[in-house]
Amino acid sequence: MKKSICILGLSLVLLFTWGLDAQAEEVTESGSTSYYSMGKVVSLGEGILFLSYEAIGVYLSDTGEGLFHASTSRSLGGMTMEKGVYKDERGAGVINLQNGDKVFFKYTFAGETKPGGIGVGKGTGIFIGGTGKCAGIQGGFEITRYVLRSATEGVGQSYSKGIFKYKLP
């Protein structure tokens, strides 16, 4: 009798544990974010500069739905650029979902900017936390950023195409 109860108890514990793991499926969402940014630049010698910035964006998923669809974001970042090439861009930010939840992230980039401000960079990021139903989110993103000729002096404009992969608890 005791043996049967122990086996039943162990079976329930294993079933409960595996059941929770099965619910945490990875989701993939692709889309685009349009950004405007304000930056500060310090010259570090001929052809070398340090740039810090604040970027504000709006994300739209390719399908018109999903966790991140119609979200807004704010990030702060910086990089050292030598003759238009950067390999050390780092930053962090927050994604504001339409339901009020937030997702926090960190990222890195490398790329090149040509004269006139046009350029391309590739980056990766990780989700480091969240609020509400996104508390405990795991995953990250891979994106390609396209820097455009700005419509106004002193403001950076760009868009990113990317893929989010994540699991919710």
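Normalised by the number of residues in the chain, the mean separation of alpha-carbon contacts (under 8 Å, six or more apart) gives a relative contact order of 20 percent. Relative to the longest principal axis of the chain, what angle (0 to 90°, nearest 10) does the C-alpha long axis of helix 2-23 take? Value to nearest ten degrees: 20. Around the amide H of G130, modelled in the peptide plane, lie the amide H atoms of F104, G136, I137, all under 5 Å away and 5 or more residues distant in sequence or on another chain. A P(r) calculated from all alpha carbon pairs of the chain, with 5 Å bins opening at zero, reads 2, 8, 14, 20, 15, 11, 8, 6, 4, 3, 3, 2, 2, 1, 1, 0, 0 percent. Taking 1.306 mPa s as the viscosity and 10 °C as the temperature, the Stokes-Einstein diffusion coefficient of segment 60-106 based on its alpha-carbon Kirkwood radius rounds to 127 µm²/s.
A short reminder: the numbers here are calculations on the coordinates, not readings from a lab. Quick caveat: nothing in here was measured; it's all calculated off a predicted structure.
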